[in-house]
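**Student:** Below: one structure in structure tokens.
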Amino acid sequence: MQNSRSKPCSCPSLKLREVASMYFTAVAAFLVILVVALQGSAPRRSDFPYKVPLDPQGLLELSWNVSYPEQAVHFQLLVRELRFGLLFGMSDRGEFENADLAVLWSDGHNSYFGDAWSDAKGQLHMDSQQDYQLLGARRAPEGLYLLFRRAFSTCDPKDYLIEDGTVHLIYSILEKPVHSLQAINVSALHGGLQRVQLLKPNISIPQLPSDMKTMEITAPDVVIPSQETTYWCYMAELPEGFPKHHIIMYEPVVTVGNEALVHHMEVFQCAAQFDSFPHYNGPCDSKMKPDRLNYCRHVLAAWAMGAQAFYYPEEAGLAFGGPGTSRYLRLEIHYHNPLVFKGRRDSSGIRLYYTATLRPYDAGIMELGLVYTPVMAIPPGEDSFILTGYCTDKCTQLALPAAGIRIFASQLHTHLAGREVVTVLSRDGRERQVVNADRHYSPHFQEIRMLKEVVAVFPGDELITTCTYNTEDRSRATVGGFGILEEMCVNYVHYYPQTQLELCKSAVDPGYLHRYFNLVNRFNDEEVCMCPQVSVPQQFYSIPWNTFNREVLSSLYGFAPISMHCNKSSAVRFPGEWEKQPLPSITERLREPVPRCPPAPEPQPAAPVPLNLGQLRR
């Protein structure tokens with residue numbers, strides 16, 4: 001559905017609407033002719049540069065391209081085994097209720113394509129505004145290709161607003177003939193979910209040096225466990241005496257046939273404080289995993305399904321190797337195996353491209369957001385509870401060079417309760433620019449994303465990271481921390497030139513939190529134990545979460561002073577007073593972007609497009 005952030009759009013004049021209608025009709029007709037001309041041949045890969053398998057068996061494969069001038073996405077859906085149709089679409093969190101759908105269905109003789117939506121009960125309705133525009137359908141030896149187009153924003157309240165960040169795609173194959181769209185029972189379908197970043201940035205690929213070398217960090221011959229979710233850890237090491245190089249690019253290496261099972265992968269460099277790390281190749285949650293592997297947390301590369309190769313700007317590279325760094329690396333692979341395949345072998349990983357010819361700048365990674373501490377907590381049963389972490393003007397004034405830094409990529413991170421993450425740049429009390437925002441964030445889909453435009457940050461600027469959480473399925477408070485059922489709010493920003501500032505985060509002042517516990521005791525019958533030996537999490541767990549206690553905690557986080565962590569890579573703070581710091585004062589907020597609505601064609605009865613696909617098999 002068009003989410004709450006969309007705004008009313010001004011309607012173009014009738015004459016403009018007629019001209020636009022004629023234009024889009026002509027474009028659609030041309031593309032259909034083009035598709036017919038291509039009958040029997042697969043489209044060029046360059047026409048649809050982004051690709052992802054939708055289902056674990058690889059029966060549905062989605063490719064797409066993004067046109068920013070048109071403000072539209074062109075989809076190509078390959079159906080390898082067509083039965084009696086399919087549903088494809090988008091929804092807020094991957095639900096089939098309140099979804100925006102393109103539907104292909106057949107009664108066994110005739111086939112139809114239409115734009116539809118589902119209500120809160122899962123009932124399908126033909127959309128009065130047909131915004132999934134069919135461009136063509138054709139058969140090829142590998143299956144049926146379905147081509148269609150969708151504008152980012154349609155100003156149709158029944159449609160999903162395609163934004164930057166994560167999009168939850170849903171799909172289902174129709175196993176039986178249906179005589180009408182309304183006859184499809186969404187609740188009875190065996191559907192699936194795939195998360196992607198649809199709106200990829202339009203970035204030119206920098207020229208690569210002639211002395212570039214490659215290194216593959218891959219897990220050798222893993223037998224993927226026959227369970228839905230597995231995190232697999234593998235230790236690798238650089239050669240002895242490996243000198244400093246720059247990583248300038250990386251890309252995934254996925255074993256053929258496992259494209260639908262390898263969900264995401266990361267390569268971490270280990271802490272230099274240890275001379276050696278034990279070898280390991282097994283599940284990350286195994287009791288056999290050596291504890292020392294927990295000190296391998298410095299991200300070198302991260303990839304998620306649907307992402308392409310990652311390129312560093314031509315003036316910077318990520319340093320690895322050389323004195324003062326560890327030569328040990330940890331590869332982590334998330335296998336998603338919902339059909340519980342057995343005996344599937346995999347040797348996936350990440351291929352690093354690096355050069356000994358160092359670029360002008362070392363790239364750095366800086367942590368923004370909240371410190372990993374239990375003083376930041378979320379009450380249970382919350383639909384959307386907000387926590388904010390600050391990188392203050394005092395810290396950037398002290399730690400950044402006069403010429404500033406340039407942020408070119410970002411990786412947002414929370415644990416399981418995270419639903420939205422936004423980082424904003426503020427200067428002189430005014431919000432200037434969104435660094436990265438994901439309004440449909442999922443903790444199950446995390447990748448390093450190149451930004452559409454580089455963000456310049458200067459001394460005295462502020463970087464404010466806000467996370468929204470949902471704890472409706474929890475019965476006690478969720479505190480900040482490292483555990484998967486604890487929470488985080490982090491933005492790992494990738495920038496250049498590298499500085500000593502590695503962590504710029506905050507947390508509420510502990511003294512003010514103590515006052516909150518005192519207040520709760522004063523106004524509630526149930527006493528919250530504040531004995532010195534009782535931990536902050538235990539105090540939160542003992543709070544009776546009535547409306548008053550919830551609202552006061554939220555208010556506390558909105559006004560109380562903060563403890564700033566303005567840290568060097570050695571984990572030591574920069575010199576200065578960092579306790580009881582005032583919250584940044586924001587006097588001017590960024591305006592919410594107004595979706596640009598395409599000129600609407602003349603109103604027509606909502607009707608599906610008939611297709612000649614021949615008689616479909618049972």
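**Student:** Determine, from the Cβ-Cβ distance of Phe458 and Ser210 and an R0 of 41 Å, the FRET efficiency 1/(1 + (r/R0)^6), rounded to the nearest 0.05. If you can, show how the numbers build up before the last one.
**Tutor:** On the way: r = 36 Å, r/R0 = 0.87.
Using R0 = 41 Å, I get an efficiency of 0.70.
**Student:** Still on this structure, please answer the following. In nm, to one decimal, how far is the modelled label at Arg80 from the one at Ser555, with both set 7 Å along Cα→Cβ?
**Tutor:** Rounded to a tenth, the inter-label distance reads 5.9 nm.
**Student:** Then there's this: Taking the Cα centre of the chain as origin and charging only Cβ (+1 Lys, Arg; -1 Asp, Glu), how large is the dipole, in debye to the nearest 20?
**Tutor:** Details: 55 positive and 65 negative charges, 168 e Å.
With only Lys, Arg, Asp and Glu charged at Cβ, the dipole is about 800 debye.
**Student:** While we're here: Arranged from highest to lowest average of other beta-carbon atoms within 10 Å per residue, in what order do the peptides 562-573, 346-357 appear?
**Tutor:** Peptide ranking by packing, descending: 346-357, 562-573.
**Student:** If you average the sequence gap of Cα pairs under 8 Å that are 6 or more apart and divide by the length of the chain, what percent do you get for the contact order?
**Tutor:** Computed value for the chain: 16 percent relative contact order.
**Student:** Starting from the Cα of Lys121, move 7 Å in the Cα-to-Cβ direction to define the label point; list residues of the stretch 69-108 whose amide nitrogen is under 19 Å from there.
**Tutor:** Counting only backbone N, you get 96-100.
**Student:** Which whole-number value in Å³ per residue fits the convex hull of the alpha carbons of the chain?
**Tutor:** Numbers: hull volume 114.0 nm³, N = 618.
In the chain, the Cα convex hull volume per residue is 184 Å³.
**Student:** A follow-up question, please. Tell me, what ³J(HN,Hα) does each residue in the stretch 415-425 have, in order and in whole Hz, if you take phi through Karplus 6.51 cos²θ - 1.76 cosθ + 1.60 with θ = phi - 60° and put x for Gly and Pro?
**Tutor:** So the J values, rounded to whole Hz, are 9, 5, 8, x, 10, 7, 9, 9, 10, 10, 8.
**Student:** For the stretch 203-359, what does the relative contact order come out to in percent, with C-alpha contacts under 8 Å and a separation of six or more? Present the calculation step by step, with values, prior to reporting the outcome.
**Tutor:** Values: 363 pairs, mean separation 79.0, N = 157.
Dividing the mean separation by the residue count of the stretch 203-359 yields 50 percent.
**Student:** Arrange the residues Lys342, Lys213, Lys505 by how much accessible surface each exposes, largest first, with a 1.4 angstrom probe.
**Tutor:** Lys342, Lys213, Lys505
**Student:** Run the helix sum for the chain: -39,500 (n - 2.57) per DSSP H stretch of 4+ residues, divided by residue count, reported at 222 nm to the nearest 500 deg cm²/dmol.
**Tutor:** Taking each H run of at least 4 residues, the total per residue is -3500 deg cm²/dmol.
**Student:** Taking every Cα atom in the stretch 50-200, find the radius of gyration and the maximum pairwise distance Dmax, and write them in Å.
**Tutor:** Over the stretch 50-200's Cα set, Rg and Dmax evaluate to 14.2, 40 Å.
**Student:** Moving on. Counting only protein heavy atoms and using a 1.4 Å probe, what share of the accessible area of the chain belongs to carbon plus sulfur, as a whole percent?
**Tutor:** Result for the chain: 52 percent of the exposed heavy-atom area is carbon or sulfur.
**Student:** Glu487's amide H: which non-local residues (gap 5+, or another chain) put their own amide H closer than 5 Å, with H modeled 1.01 Å from N in plane and none for Pro or chain starts?
**Tutor:** Correct list: Val479, Gly480, Gly481.
**Student:** Something else: Which of the peptides 414-420, 238-244, 511-517 is most tightly packed, and how do the rest follow, going by the mean number of other Cβ atoms within 10 Å of each residue? Spell out each step's value before the answer.
**Tutor:** Working: 414-420: 20.4, 238-244: 11.4, 511-517: 16.7.
Result, highest mean Cβ count within 10 Å first: 414-420, 511-517, 238-244.
**Student:** Per residue, how many Å² of accessible area does the chain show with a 1.4 Å probe?
**Tutor:** 45 Å²
**Student:** Note the full-extension length gain between Ser187 and Ala607 as 0.36 nm times their separation in residues minus their Cα-Cα distance, in nm to one decimal. Numbers along the way, then the final one.
**Tutor:** Details: separation 420, 0.36 × 420 = 151.20 nm, distance 2.35 nm.
Residue separation times 0.36 nm, minus the Cα-Cα distance, leaves 148.9 nm.
**Student:** Here's another thing I want to ask about it. Lysines within cross-link reach of Lys244: Cα-Cα under 24 Å, excluding same-chain residues under 8 positions apart?
**Tutor:** Straight-line reach from Lys244, under 24 Å: Lys213, Lys568.
**Student:** Count neighbours as other Cβ atoms within 10 Å of each site's Cβ, and list the chymotrypsin sites (Phe, Trp or Tyr not before Pro) in the stretch 456-501 that are DSSP loop with at most 16 such neighbours.
**Tutor:** Details: sites: Tyr469, Phe482, Tyr492, Tyr495; in loops: Phe482.
Loop-located and lightly packed - Phe482.
**Student:** FRET efficiency for Thr229 and Ala309, Cβ-Cβ distance as r, R0 = 30 Å, nearest 0.05?
**Tutor:** 0.70
**Student:** Now, a different point. Under the 0.36 nm per residue contour assumption, what length would be gained going from the current alpha-carbon distance of His109 and Glu577 to full extension?
**Tutor:** Details: separation 468, 0.36 × 468 = 168.48 nm, distance 7.60 nm.
Extra length available between His109 and Glu577 comes to 160.9 nm.
**Student:** Rounding to the nearest 20 debye, state how big the charge dipole of the stretch 71-192 is about its Cα centre with +1 on each Lys and Arg Cβ and -1 on each Asp and Glu Cβ.
**Tutor:** So the magnitude is around 480 debye.
**Student:** Taking the Cα of His514, stepping 7 Å toward and past its beta carbon, and measuring to each backbone N in the stretch 372-399: which are under 20 Å?
**Tutor:** It comes to 373-377, nothing else.
**Student:** Right, next: Please report the accessible area of Lys200 (heavy atoms, 1.4 Å probe, ligands and nucleic acids excluded) in Å², nearest 10.
**Tutor:** Only protein atoms counted, so the area is about 20 Å².
**Student:** How much length is gained if the chain between Val534 and Thr547 is pulled fully straight, taking 0.36 nm per residue apart and subtracting their Cα-Cα distance, in nm to one decimal?
**Tutor:** Additional length available on full extension: 2.2 nm.
**Student:** Now for a different question. For Ala140, enumerate residues with amide H under 5 Å from its amide H, sequence gap 5+ or separate chain, H modeled in the peptide plane.
**Tutor:** Tyr145
**Student:** For the residue pair Lys176 and Leu398, what label-to-label distance in nm results when each label sits 7 Å from Cα along the Cα-to-beta-carbon direction?
**Tutor:** A separation of 6.9 nm, rounded to one decimal place.
**Student:** May I ask you to derive the FRET efficiency for Ser276 and Phe482 from their Cβ-Cβ distance with R0 = 22 Å, giving the value to the nearest 0.05?
**Tutor:** 0.40
**Student:** Would you please give the residues with an amide H less than 5 Å from that of Thr229, counting only those at least 5 places away or on a separate chain, with H modeled from the backbone geometry?
**Tutor:** Residues meeting the amide H criterion: Asn337.
**Student:** Also, quick follow-up: Quick check: pseudo-label points 7 Å beyond the Cα along Cα→Cβ at Ser475 and Ala356, how many nm apart are they?
**Tutor:** Here the answer is 6.3 nm between the modelled labels.
**Student:** Output ³J(HN,Hα) for the stretch 369-386: one whole-Hz value per residue in order, computed from phi by the Karplus curve 6.51 cos²θ - 1.76 cosθ + 1.60 with θ = phi - 60°, and x for Gly and Pro.
**Tutor:** Values, residue by residue: x, 9, 5, 6, 8, x, 5, 9, 9, 10, x, x, x, 8, 7, 7, 9, 10 Hz.
**Student:** Right, here's the next one. For the stretch 182-192, take each phi angle, set θ = phi - 60°, evaluate the Karplus expression 6.51 cos²θ - 1.76 cosθ + 1.60, and give the result in whole Hz per residue in order, putting x for glycine and proline.
**Tutor:** Going residue by residue, I get 5, 7, 7, 9, 4, 5, 8, 7, 9, x, x Hz, with x marking Gly and Pro.
**Student:** Hey, another quick one. Find which of Cys489, Tyr390, Gln123 sits farthest along the positive direction of the dipole of the chain, computed with +1 on the beta-carbon of Lys and Arg, -1 on that of Asp and Glu, about the Cα centre.
**Tutor:** Farthest along the dipole direction, towards plus: Gln123.
**Student:** Okay, moving on. At most 16 other Cβ atoms within 10 Å and a DSSP loop assignment: could you name the chymotrypsin sites (Phe, Trp or Tyr not before Pro) in the stretch 292-352 that fit?
**Tutor:** Phe341
The values are calculated or read from the model by the stated rules, or taken from the named source; none is laboratory data. Computed from a predicted structure; not experimentally measured. Methodologically, a virtual Cβ is constructed for each residue, glycine included, from the backbone with ideal geometry; neighbour enumeration extends over all protein chains shown. Surface accessibility is based on the protein's heavy atoms, side chains included, excluding ligands, DNA and RNA. Shrake-Rupley method; radii C 1.70, N 1.55, O 1.52, S 1.80 Å.
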